[in-house]
Amino acid sequence: MTERPVGNEMWGGRFAARPDAIMQEINASIDFDKRLFHEDIDGSKAHAAMLADQGIIGREDAAEIARGLEAIRAEIVAGDFAFSREREDIHMNVEARLAEIIGPAAGRLHTARSRNDQVAVDFRLHVKGAFQAAEAAFGRLIEALLDRAEEHADTVMPGFTHLQVAQPVTFGHHCLAYVEMAARDRSRCADAITRLDECPLGAAALAGTGFAIDRHATALALGFREPTRNSIDSVSDRDFALEFLSMASIAAVHLSRLAEEIVIWSTPQFNFVRLSDAFSTGSSIMPQKRNPDAAELVRAKTGRINGALISLLTVMKGLPLAYSKDMQEDKEQVFDAIDSLAIALAATTGMVGDMTVNVAAMRAAAGHGFSTATDLADWLVRELGLPFREAHHVTGRAVALAESQKVGLEALELSALQTLEPRITEAVYAVLGVDASVRSRTSFGGTAPDNVRKAVADWRTRLLSAREVISPSGAAIKNAAAGER
């Protein structure tokens, strides 16, 4: 008589044969989801404690389970845990080791739960932590930018549109533009935490459980605001992961724009900033080179993060409710994006704090390209009453005249300007210098140095409150559920 093959320990009696090697290869996730070990152990401890409180398992068994789980955590942290691909994932690896440590009591841990709600709570906890870490990192970037903005509130530089010199601005004002971007990214973290702050544990496979569990207790124990309200959605929802990737993609675009400017500014042609050796590399063949590799790599991380978002959107787009194995492909992209965003934020914060600003080069460049032409047009409107379109035309002729003479607008003789508009007086020269130009931009949100200093002070005041999240409009929103526990 043929001996019956040994069944798979995970699936119990349903399957007689073990999985094929290829099936094991495609099915296993332990190589990446072992990253969730803290969350998995925390979730299991909360679940076991709740089961004991509800009289579903004995308190002695619950105590043994908690002891065994902490022993497993210590083994993993110490690097002494032997992960097994045959056991597929972090959940089964932990459960199998728990049985080795405490014996049969380990089998009671999986009462009233499924790997579906188990992975949902593990992953949600991990992403929540990633949002909190990103929120703090955005705060550090904002502080670094505010330091530079305050230091350079009066430093004049060219403002660009189409990468052509447009109008003079201050470097402090330019830094504050990135403060606004980082603050919106920071607020997206807090908003997303509010939505994900619901605990799926207890939804079981998809329909809930017949055991008298207390989902509010496990939600509270794990630091969630409340349990999820629909068991089907609980195990099938990955919006929280998509929201992290969406936030990370937008933030990566912001970081990439700043990185691109750092790359441009550090070229000899611009010479606006210099990165120290800490954020530069050399060339293996050209000894004179200083390459802004940190900025270039931040710029490149955007492709990885954006790709992760598209990947997960594609995985989720056609899945029927509730859980499908496709959703195992949700983690690698998110983990990679978490790491990529973290290093990009750290590198950007370091570069902002590290760079040396060439004030003289910025100021010299600010006067190129007839950057005060708009100031001349505004003066013609304000002082002579010309319609703006007519003032624009006169100014255009003045630019053409200065270009033909190879001088700046401020170097044109008064008589030459009066050939274009006879009523122009000596007073016009007061607005043709770059310093006067930036000082005049006093409208709310403008580049005037006093505006910059006031904006810096305002941002510092808002950042002082640890329980406030800055909204995109600049208003401070009280958000007790922002995950700051």
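What do the square roots of 5 times the Cα gyration tensor eigenvalues come to for the chain, in whole Å, largest first, as semi-axes of the equivalent ellipsoid? Write out the running numbers ahead of the final one.
On the way: eigenvalues 749, 109, 72 Å².
Semi-axes from the Cα gyration tensor: 61, 23, 19 Å.
The distance linking the range 374-404 with the range 206-275 is 49 Å (Cα centroid to Cα centroid, whole angstrom). Please find the FRET efficiency linking Glu413 to Ser443, where r is the Cβ-Cβ separation and R0 is fixed at 30 Å, and quote it to the nearest 0.05. That gives a FRET efficiency of 0.40.
Find how much the distance from Arg460 to Asp277 grows on full extension, using 0.36 nm per residue of separation minus their present alpha carbon separation; answer in nm with one decimal. Display every interim value, and only then the final one.
Values: separation 183, 0.36 × 183 = 65.88 nm, distance 2.99 nm.
Net length gain for the segment: 62.9 nm.
Phi angles across the range 270-277 convert, under the Karplus curve 6.51 cos²θ - 1.76 cosθ + 1.60 with θ = phi - 60°, into 3J(HN,Hα) values of 8, 6, 7, 9, 9, 8, 6, 4 Hz, Gly and Pro given as x.
Projected onto planes of every orientation and averaged, the convex hull of the alpha-carbon atoms in the range 165-290 covers 13.2 nm². Rounded to the nearest 20, the size of the Cβ-charge dipole of the chain about its Cα centre is 520 debye, with Lys and Arg at +1 and Asp and Glu at -1.
Both numbers refer to the Cα atoms of the range 258-384; Rg and Dmax are 22.5, 73 Å.
Simple rule: put +1 on each Lys or Arg Cβ and -1 on each Asp or Glu Cβ in the chain, find the dipole, and look at Leu345, Ala130, Ala455; the Cα lying farthest toward the positive end is Ala455. Equivalent-ellipsoid semi-axes for the range 88-205 (Cα gyration tensor, √(5λ), whole Å, largest first): 51, 14, 11. Annotation: amide H of Ala166 within the under-5 Å range of Gly159, Phe160, Thr161, sequence separation 5 or more or interchain, hydrogens built in the peptide plane. The length gained by stretching the chain between Ser246 and Glu75 to full extension, at 0.36 nm per residue less their Cα-Cα distance, is 58.1 nm. For the range 359-449, the spread of Cα coordinates along the three principal axes comes to 36, 31, 21 Å, biggest extent given first.
Scan the chain and note any complete DSSP helix (H) whose C-alpha atoms cover at least 27 Å along its axis and whose Kyte-Doolittle average is 1.0 or more. Provide the component values of the computation, followed by the final result.
Values: long enough: 59-78 (28 Å, 0.04); 115-151 (54 Å, -0.16); 171-196 (38 Å, -0.12); 239-265 (39 Å, 1.06); 293-316 (35 Å, 0.64); 331-354 (34 Å, 0.60).
Helices meeting the criterion: 239-265.
Where a number appears in this text, it was derived from the coordinates with a stated rule and is not lab data. The model shown is predicted, which means the values in this text are computed figures rather than measured ones. A quick note on method: Cβ atoms are made from the backbone with ideal geometry, for glycine too, and the neighbour counts reach across all protein chains shown.
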